[in-house]
Amino acid sequence: MSSLFERYEAATAGLRAPFAVVDLAAFRANAADLARRAGGAPIRVASKSVRCRHLLREALALPGFAGIMAYTLPEALWLAADGISDDILVAYPTVDSAAIARLAADPRAAETITIMVDDPAHLDRIAAAAPDPARPIKVCIDVDTSWQPLGPRLRIGAHRSPVRTPAQAAALARAITRRPGLHLDGIMAYEAQIAGVGDAPPGRPAYGRALRWVQKRSRHELARRRAAIVRAVRAVADLRFVNGGGTGSLHTTARERAVTEVAAGSGLYQPRLFDHYSAFAGRPAALFALPVVRRPAPGVATALGGGYLASGTADAARLPQPYLPEGLSYSPTEGAGEVQTPLLGAAADSLAIGDRVWLRHAKAGELCEHFTELHLIDTDAVTATVPTYRGEGRAFL
């Protein structure tokens with residue numbers, strides 16, 4: 001068995017599975033590599049990929065990191081009340097009128113939090129929920145970054161904002177500045193088709209070459225368009241920040257002169273979907289352990305639970321990865337189950353009832369929706385146990 005397996009087993013010998021861990025040495029090494037690739041651009045930590053206040057603080061204390069990118073306004077209000085950061089950007093629009101009213105009523109939160117808009121309808125909702133112009137709400141314009149080489153008929157990228165051109169962005173900026181209760185704070189342009197798609201898929205070299213070709217052309221088109229959008233909006237109002245990038249694209253986005261900061265979160269945990277990039281190789285930092293509860297046949301060890309599928313398209317890539325001991329795979333007829341998961345392979349015969357298997361989630365923060373706490377391994381021991389968002393009774397989505 002691998003030394004890593006033995007190290008994790010020794011460090012967590014006193015814990016009862018199922019449980020989740022974060023290897024702090026790997027977490028810090030990943031953070032250092034993110035900062036290196038960002039080349040001096042500040043990295044805003046994407047909280048949806050961490051979902052643990054303790055580890056958000058851990059990241060923010062490291063060189064190169066500044067500010068949080070939250071995923072809902074109630075989450076941002078909670079984090080602001082905690083004082084975890086004085087700069088929180090909510091990455092997705094909100095229609096939560098009660099939360100907007102809370103934001104407007106709290107001067108400290110209103111100074112700390114910026115919320116996302118990409119449609120005049122968002123402005124109307126904010127104005128209705130926070131009508132006092134003496135306490136303006138800070139907003140950020142989200143920009144569509146998809147590559148459309150043949151126009152809207154061929155879209156490569158996420159369906160996010162309808163704001164795509166400099167003229168559209170400037171028009172929304174003018175609509176914002178005409179409202180005394182709003183303050184235009186920044187622009188966000190997240191290139192999901194580059195940052196979140198590994199360009200070196202294993203066993204598919206031809207597809208990988210095609211993907212890198214697409215991403216290169218998408219990157220060049222976006223760099224030109226993002227710069228033009230920023231110029232157009234700055235002609236309307238000053239901007240405090242222009243945010244772009246993600247774990248998979250820090251090293252290219254940070255070089256754009258129009259971009260003032262980048263964002264990352266998944267790269268801290270290095271989930272399995274981020275294993276296949278040509279520009280970097282992170283260290284798996286977040287894992288979960290399941291107990292073996294059955295040995296139904298030679299070459300089969302059945303673990304309790306394990307069906308922690310990631311969001312996104314329904315395919316095998318959304319399954320957790322059997323990680324340690326090496327050599328385990330899923331049953332093709334059962335996969336990862338709600339209450340039991342058969343694992344196949346020669347390594348199964350080395351496992352007895354009561355032993356543990358270690359897996360990696362396909363995504364980063366979603367793991368924390370299945371566990372109330374994370375055990376932090378530093379060197380060769382668990383040095384702390386900290387709550388996840390869910391462990392603190394917080395389920396924002």
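The values are calculated or read from the model by the stated rules, or taken from the named source; none is laboratory data. Being a predicted model, the structure only gives us computed values, none of them experimental. Every residue, glycine among them, receives a Cβ derived from its backbone with ideal geometry; neighbour counts consider all protein chains shown. With ligands, DNA and RNA removed, areas are computed over all heavy atoms of the protein, side chains included. Shrake-Rupley method; radii C 1.70, N 1.55, O 1.52, S 1.80 Å.
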Selection within the range 119-140 - open to solvent by less than 20 Å² (accessible area, probe 1.4 Å) and under 28 Å from V259 (Cα atoms) = L123, I126, I137, V139, C140
Under the condition of being in a strand (DSSP E or B) and modelled with pLDDT of 95 or more, which residue from the range 148-203 is most open to solvent (accessible area, probe 1.4 Å)?
-> H183
Strands (runs of 3 or more DSSP E) contained in the range 287-383 and holding at least 2 residues open to solvent by less than 10 Å² (accessible area, probe 1.4 Å) = 300-304, 340-344, 356-360, 373-378
Would you confirm whether any residue within the range 24-37 is open to solvent by 20 Å² or more (accessible area, probe 1.4 Å) and assigned to a loop (DSSP other than H, G, I, E, B)?
-> no
Search the range 1-23 for residues being hydroxyl-bearing (S, T, Y) and part of a loop (DSSP other than H, G, I, E, B), and hand back the single one that is most open to solvent (accessible area, probe 1.4 Å).
-> S2
How many of the residues in the range 247-285 are touching a residue at least 60 places away in the same chain (Cβ under 8 Å) and either assigned to a helix (DSSP H, G or I) or surrounded by fewer than 24 Cβ atoms within 10 Å (Cβ to Cβ) (or both)?
-> 23
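So, A109, is that one in a helix (DSSP H, G or I), of a type in the set (A, V, I, L, M), without any contact (Cβ under 8 Å) to a residue 40 or more places away in the chain and closer than 22 Å to D238 by Cα or not? First the steps, then the outcome.
Numbers: in a helix (DSSP H, G or I): yes; of a type in the set (A, V, I, L, M): yes; without any contact (Cβ under 8 Å) to a residue 40 or more places away in the chain: yes; closer than 22 Å to D238 by Cα: yes.
Yes.
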Every listed condition ((1) modelled with pLDDT of 95 or more; (2) in a loop (DSSP other than H, G, I, E, B); (3) over 24 Å from I88 (Cα atoms)) holds for A232 save (2)
Tell me, yes or no, whether the range 135-145 has at least one residue that is touching a Gly at 6+ places or on another chain (Cβ under 7 Å), in a loop (DSSP other than H, G, I, E, B), free of Cβ contacts under 8 Å to residues at least 60 places away in the same chain and of a type outside the set (V, I, T).
-> yes
Could you tell me which of the residues R7, R51, R16 is over 25 Å from T260 (Cβ atoms) and touching a Gly at 6+ places or on another chain (Cβ under 6 Å)?
-> R51
Report yes if some residue within the range 336-352 is within 19 Å of Y269 (Cβ to Cβ) and not polar (S, T, N, Q); otherwise report no.
-> yes
